[in-house]
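Accompanying notes for the structure given below.
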Amino acid sequence: MVKAVVGVNWGDEGKGKITDMLAKEADIIVRFQGGANAGHTIVNDCGKFALHTLPSGCFYGHTTSIIGNGVALNIPILFQEIQSIVERGVPMPKILVSDRAQMVMPYHVLFDQYEEERLGGKSFGSTKSGIAPFYSDKYAKIGFQVSELFDEELLKEKVVRVCETKNVLLEHLYHKPLLDPAELLETLHQYREMVEPYICDVSSYLWNAIREGKEILLEGQLGTLKDPDHGIYPMVTSSSTLAAYGAIGAGLPPYAIEKVVVVCKAYSSAVGAGAFVSEIFGDEADELRRRGGDGGEYGATTGRPRRMGWFDCVASRYGCRLQGATDVAFTVLDVLGYLDEIPVCVGYEIDGEVTTDFPVTSKLNRAKPVLKTLPGWKTDIHGIRNYEELPENCRKYIEFVEEQIGFPITMVSNGPGREDIIYR
Ligand code: GDP
């Protein structure tokens, strides 16, 4: 059975925790999109970890962790990450890297920085991990695929060709040091040496695994609203964040994905620029940020304070629908236990009219939240394992959200640990 674990909103919903938890029963965990630009925080028996590239199931001895073809593979970062967890006592994870994955090159990271610098105040708020330049090159067909590392003639010719076009921009647009094809070739040789032992024909591996009845998890990064097609374009990421893309980014038949577990946080947070209708500010936001997540809502990659807001039913219903949710994991609910009353965004007012349909970006930018206030439960729900033991107002909050989004909340997460979960 193949399950996808994906985000409903802007990311940071707690996918890492849910994947780590579901990985207990899984054989294979696959990353299918994105790169080292977002982080997953995982708290388990070995400690607290921020992962950027490794799948969140890599802490168990029984799982195989796969970097799928859809990923923006930064080889040095992957190896640093493996080293950092092994140094902290985690057994060496079993890792496979798709021979069709493409690699983030050092110049992708530089171009990301230079472009954000050039845009100044109009920048995208990129994490500067090279993701947008990487995917641009992939689709412009000048990326480097892992398999190409073993064709020396091709590499020699391609580094020259790539440097020609990159150097025009470096010289005339960015006024930065130029790339040297010989140095680039040397970098690719180093990458070849590092990645060679892990290379795998992943789609074939997964096809066989499905036929053998293995449990496979596809782990998404970010969430629906960051999808380049269905999100808040252009304030999106550069690869699809949808479960459907899991089929492409891992190399699976689309019908193989039988379950789509969407992770949805009990309030909202976002990093980077872009419309965020239910956003809150000032002391109200500061307090939620400080209490949020596990140790505050700050980016796992950048440490940036996240933007905070109330739960957004409009965005979440849309997010669940585009993901094709079969199960909703409702997370970080414990954090709301301090509030007397909890506002929830139930509609958007756009040009004097209220809608519950998530609009395109130009309209979204004019949307104002329509809030409904629910009573708080004013207790610490951490440690509760049975749904019926949750305070009544807490259950009412969950049930209200479930009705609004129209998809079943089958899991409620009330703490960062693996065991902090209530199944319904
Ligand atoms: P991801 O990118 O979707 O994996 O999310 P992040 O790791 O960026 O953010 C989720 C944060 O919330 C992490 O610090 C988790 O440890 C934490 N977390 C996840 N689930 C819960 C929960 O139910 N309660 C609390 N308090 N923290 C949680």
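Key figures for this structure:
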{"read-out": "Where 189, 40 fall by accessible area, highest first, once all protein chains stay in place (1.4 Å)", "value": "189, 40"}
{"read-out": "Directionally averaged shadow of the stretch 161-282, computed from the convex hull of its alpha-carbon atoms, nm²", "value": "12.9"}
{"read-out": "Separation between Cα centres of the stretch 349-385 and the stretch 113-131, rounded to whole Å", "value": "30"}
{"read-out": "Spread of Cα-to-Cα distances over 20 Å intervals beginning at zero, given as percent, for the chain", "value": "27, 56, 17, 1"}
{"read-out": "Helix 313-323 axis, angle to the chain major axis (alpha carbon atoms, nearest 10°)", "value": "40"}
{"read-out": "Angle in degrees between helix 75-87 and the longest Cα principal axis of the chain, rounded to the nearest 10", "value": "60"}
{"read-out": "For the stretch 371-424, the fraction of alpha-carbon pairs in successive 10 Å shells from zero, as %", "value": "23, 54, 22, 1"}
{"read-out": "Candidates 354, 277, 109, ranked by Gaussian network fluctuation over the chain, Cα under 10 Å, top entry", "value": "354"}
{"read-out": "Residue 214/residue 84 FRET efficiency (R0 35 Å; Cβ-Cβ; nearest 0.05)", "value": "0.80"}
{"read-out": "Portion, in percent, of the accessible area of the chain that falls on carbon or sulfur, probe 1.4 Å", "value": "51"}
{"read-out": "Surface accessible to a 1.4 Å probe, per residue, for the residues of the stretch 1-58, Å²", "value": "21"}
{"read-out": "Between helix 202-211 and the chain: long-axis angle, C-alpha atoms, 0 to 90°, nearest 10", "value": "50"}
{"read-out": "Cα→Cβ-extended label distance, 7 Å offset, between residue 255 and residue 169, nm", "value": "4.1"}
{"read-out": "Sum of side-chain charges, residue 379 neighbourhood, beta-carbon under 13 Å (Lys, Arg +1; Asp, Glu -1)", "value": "-3"}
{"read-out": "Solvent-accessible area per residue for the stretch 219-310 (1.4 angstrom probe, square angstrom)", "value": "36"}
{"read-out": "Over 30 Å between alpha carbons, listed pairs 48/372; 122/158; 48/363; 17/128", "value": "48/372; 122/158; 48/363"}
{"read-out": "About the Cα centre, charge dipole magnitude for the chain (Lys/Arg +1, Asp/Glu -1 at Cβ), debye", "value": "280"}
{"read-out": "222 nm mean residue ellipticity, helices alone, for the chain (DSSP H n ≥ 4; -39,500 (n - 2.57); rounded to 500)", "value": "-9500 deg cm²/dmol"}
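The values are calculated or read from the model by the stated rules, or taken from the named source; none is laboratory data. In this text, all values refer to a predicted model and were calculated from it rather than measured experimentally. No Cβ is skipped: glycine too gets one built from the backbone with ideal geometry, and neighbour counts run over all protein chains shown. Heavy atoms of the whole protein, side chains included, go into the accessibility calculation; ligands, DNA and RNA do not. Shrake-Rupley method; radii C 1.70, N 1.55, O 1.52, S 1.80 Å.
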